[in-house]
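These notes concern the structure reproduced below.
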Amino acid sequence: MSIKIQEIQDQALKKFDSAKTSKELYDFKVEFLGKSGAFTEIMKSMKDLSSDERPLFGKKVNEAKVVLEDAYIRKERDLKTKEINEKLASEWLDLTLPGPVQDKSTQHPISLVLNETVNILSRLGYSVRLGPLIEKDFYNFEALNIPKDHPAREMQDTFYVGENHVLRTHTSPIQIHTMEREKPPIRIIGPGAVFRVDSDVSHAPMFHQIEALYVDRKVSMADLKGTIAFMNRELFGSDTKTRFRPSFFPFTEPSAEFDCSCPFCSMKGCRMCGHSGWIELGGSGLVHPHVLKLSGIDPMEWQGLAFGFGIERMSVIKFGVDDIRLFCENDRRFLDQFPS
Ligand code: DAH
């Protein structure tokens, strides 16, 4: 009998040794040590032995099992190590390869210039106020000293919303809302979308403006000029010049339009500046006393400066875009050229 046990043990050790994979090794283990394996079978023959022989037989079987368990554990460890090493060798990752390309988002050029301009003016103490896109006729016109039938209404082609409301044609109404709500000194900028019945290469029916208003006890044209010249230098470069031309706006007196020196040709004259060396940016002036009064501010005590300009125009100058319709077409080939 013990010869038989030894035979099975040798056979099992041989098979364990020949196993190529841990799966194969496990199958061999089941074959010998499993519930219906060779050792279970041989134990069944115990009943044929005399009661003297049985303990010795049982001991021999158990010893053989321990030898095999040991051999199994060792072999299994070797095979697992080998398998892991093989896997590591065949499945290595090249961490220097570029990852999958992701669509990167960029900021819209209008947002870029708008944010930059807001930052520049906030460094001068201006803080942002917003206003509604649909305005009462009163805020868009009347309170800005543009009564009904005033010829100045024709300066701006208006989208009317019913009898008394309009899509705001400029951000100047934000001045009025702020003066009604807040006490001077006031130093605010109002950015946002505005609307006019207009559409060609240099005009879109919706565009963006920033309005600035500063009301205090001693505000002069010198403050106005200094502020706008500073803004232009910060936006377009330190050698940018600013020019003021006398003009007319019903809500300012005196009024001036302001231009910056053309950054494309260094004022030599080019297509972008209409060969004049200057590019028109916006309108400005000292707030008309009547406008202050209508908003509840005493013009004998307070003065104000105001200016307003288009963001699209600023972006055209900053990025050299020559068709402002590109700003609202959402063409990725255009938008991807701007920084994120
Ligand atoms: N609101 C004017 C426009 O859209 C621009 C403007 C001119 C704003 C003069 C002002 C100003 O604040 O003082 O054409």
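The values are calculated or read from the model by the stated rules, or taken from the named source; none is laboratory data. These numbers come from a predicted model, not from an experiment. Quick reminder, even Gly has a Cβ in these numbers, built from the backbone with ideal geometry, and neighbours come from all protein chains shown. Please note that ligands, DNA and RNA were not included when accessible areas were found on the heavy atoms of the full protein model with its side chains. Shrake-Rupley method; radii C 1.70, N 1.55, O 1.52, S 1.80 Å.
Starting at the first residue of segment 31-48, write each ³J(HN,Hα) from the Karplus equation 6.51 cos²θ - 1.76 cosθ + 1.60 with θ = phi - 60°, in whole Hz, x for Gly and Pro.
Once rounded to whole Hz, the list reads 4, 9, 10, x, 3, 10, x, 4, 6, 4, 4, 5, 4, 5, 7, 4, 4, 7.
What number comes out for accessible area per residue over segment 109-335 if the probe is 1.4 Å? Units Å², please.
Per residue, segment 109-335 has 47 Å² of solvent-accessible surface.
Using C-alpha positions alone, give me the convex hull volume of the chain per residue in cubic angstrom.
278 Å³
Evaluate the charge dipole of the chain about its Cα centre and quote only its size in Debye, nearest 20, assuming +1 on the Cβ of each Lys and Arg and -1 on the Cβ of each Asp and Glu.
For the chain, the charge dipole is close to 940 debye.
What FRET efficiency comes out for the pair Val67/Leu93, r = Cβ-Cβ distance, R0 = 35 Å, nearest 0.05?
0.25
Please go through segment 37-113 and write out the GluC sites (Glu not before Pro) that DSSP classes as loop and that have at most 16 other C-beta atoms within 10 Å.
Details: sites: Glu41, Glu53, Glu63, Glu69, Glu76, Glu83, Glu86, Glu91; in loops: Glu91.
For GluC sites (Glu not before Pro) across segment 37-113 that sit outside H, G, I, E and B with at most 16 neighbouring Cβ atoms in 10 Å, the list reads Glu91.
Residue-wise, which Karplus ³J(HN,Hα) couplings in Hz belong to segment 132-143, taking 6.51 cos²θ - 1.76 cosθ + 1.60, θ = phi - 60°, and x for glycine or proline?
Result, ordered by residue: x, 6, 9, 10, 5, 3, 4, 6, 6, 10, 3, 5 Hz.
Identify the GluC sites (Glu not before Pro) of segment 106-208 meeting these criteria: DSSP loop state and at most 10 other C-beta atoms within 10 Å of the C-beta. Before the final figure, lay out each step's value.
Numbers: sites: Glu116, Glu135, Glu142, Glu154, Glu163, Glu180, Glu182; in loops: Glu163, Glu182.
Answer in residue order: Glu163.
As an exercise, use a Förster radius of 45 Å and the Cβ-Cβ distance of Lys59 and Asn85 to find the FRET efficiency, rounded to the nearest 0.05.
0.70
Given a cut-off of 19 Å, name the pairs among Lys23/Lys60; Lys183/Lys293; Lys4/Lys44; Lys4/Lys60; Lys29/Lys65; Lys148/Lys183 whose C-alpha atoms lie farther apart than that in the structure shown.
Exceeds cut-off: Lys23/Lys60; Lys148/Lys183.
Going by Cα centres, segment 310-340 and segment 207-286 are how many Å apart?
21 Å
For segment 35-90, run through the trypsin sites (Lys or Arg not before Pro) and keep only the ones in DSSP coil with at most 10 other Cβ atoms within 10 Å of their Cβ.
On the way: sites: Lys35, Lys44, Lys47, Lys59, Lys60, Lys65, Arg74, Lys75, Arg77, Lys80, Lys82, Lys87; in loops: Lys35.
Those that pass, being in a loop and sparsely packed, are Lys35.
Looking at Met179, Gly162, Val219, which one has the Cα that reaches farthest to the positive end of the dipole of segment 109-335 (charges on Cβ: Lys, Arg +1; Asp, Glu -1)?
Working it through, the farthest residue towards the positive pole turns out to be Val219.
Please calculate how many Å² of accessible area segment 6-75 carries per residue, with a 1.4 Å probe and no DNA, RNA or ligand atoms counted.
65 Å²
Of all accessible surface on the chain at a 1.4 Å probe, what whole percent is carbon and sulfur?
54 percent
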